[in-house]
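Nothing in this text is a laboratory measurement; each read-out follows from the coordinates by a stated rule. From a predicted model like this one, the values you see are computed outputs, not experimental measurements. We place every Cβ from the backbone using ideal geometry, glycine too, and count neighbours over all the protein chains shown.
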Amino acid sequence: MIIRPMLSEDIVAVAAVHQAAFARQTYSQDWISCNFAAYPRMQFFVAEVAGHIKGFIHWTQKSGFRPEVILELEQIAVHPDAHGQGIGSTLIRDSLPLIKAQFAERGATLKHIIVTTRADNAAQRIYQKELGAEIEAVITNLYSADEVFMIARNVA
Ligand SMILES: CC(C)(COP(=O)(O)OP(=O)(O)OC[C@H]1O[C@@H](n2cnc3c(N)ncnc32)[C@H](O)[C@@H]1OP(=O)(O)O)[C@@H](O)C(=O)NCCC(=O)NCCS
């Protein structure tokens, strides 16, 4: 498995993973395309296994290009046929140093990481394990259900 920055030619494959992972979300290719175009505010990395894209991670800088970056893990998805093989964990672990290096190019450092997910989504565990994120609030009835707001503090 390799984790690398997403390229424009990956849009269709990443959109296919997005579509397979998020049943309630529509127009995956438009969503991936417009967010991909928002570099460097938004940055995508992909997990490639034997030449096939099996997962992606979408990081977003919040509230301006700050010297101390508040970074959101906006979305992460692994194709359902490849769950439970460590791809999601590797995407988080291996993309973070790449994005920190990109911040360093403009003299910025990473301060905190925020991430939200449905209160019943087991993905919370991966955020606790890989980022040290903790639940700081539960927001009632946000997208399709209650949403937990998690923060990993002082991750520089
Ligand atoms: C969340 C997701 C990316 C995890 O990817 P993955 O490659 O299956 O995760 P890993 O194999 O690296 O597992 C990481 C750990 O988190 C746990 N975990 C993460 N997501 C889980 C899920 N949805 N269900 C059960 N366990 C999950 C695993 O048990 C594992 O823990 P362990 O190593 O102690 O056994 C994947 O389940 C997914 O694409 N889900 C649908 C999209 C989604 O909900 N994304 C998050 C919200 S943006």
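For segment 75-155, the direction-averaged projected area of the alpha-carbon convex hull comes to 6.0 nm². Provide the FRET efficiency to the nearest 0.05 for the Gln29-Asp81 pair, computing r from the beta carbons and using R0 = 30 Å. Efficiency at R0 = 30 Å is approximately 0.90. For a modelled paramagnetic label at Arg153, 7 Å from Cα along Cα-to-Cβ, the residues of segment 98-133 in reach, with backbone nitrogen under 14 Å, are 111-114, 132-133.
Over the chain, one equal point on each Cα, no solvent: what is log10 I(q)/I(0) by the Debye formula at q = 0.13, 0.14, 0.17 Å⁻¹? The calculated log intensity ratios at q = 0.13, 0.14, 0.17 Å⁻¹ are -0.58, -0.68, -1.04. Within segment 105-144, the percentage of alpha carbon pairs spaced more than 17 angstrom apart rounds to 41%. Between Ala50 and Ser89, what is the FRET efficiency for a Förster distance of 25 Å, r being their Cβ-Cβ separation, to the nearest 0.05? It comes to 0.85. Selection among Phe149, Ser63, Leu110 by position relative to the dipole of segment 2-152 gives Leu110 as farthest towards the positive end (Cβ unit charges, Cα centre).
Under the convention that each Lys and Arg Cβ holds +1 and each Asp and Glu Cβ holds -1, the size of the dipole of the chain around its Cα centre is about 340 debye. With both labels modelled 7 Å from their Cα along Cα-to-Cβ, the Val12 to Glu68 distance reads 4.6 nm. If you plug the beta carbon distance of Ala20 and Arg118 into 1/(1 + (r/R0)^6) with R0 = 25 Å, you get a FRET efficiency near 0.90. Taking the helices alone, the chain has a mean residue ellipticity at 222 nm of -9500 deg cm²/dmol, built from -39,500 (n - 2.57) per DSSP H run of at least 4 residues and averaged over all its residues. Each residue in His112, His79, His52 was given a count of other beta-carbon atoms within 10 angstrom of its own, and listing them fewest first yields His52, His112, His79.
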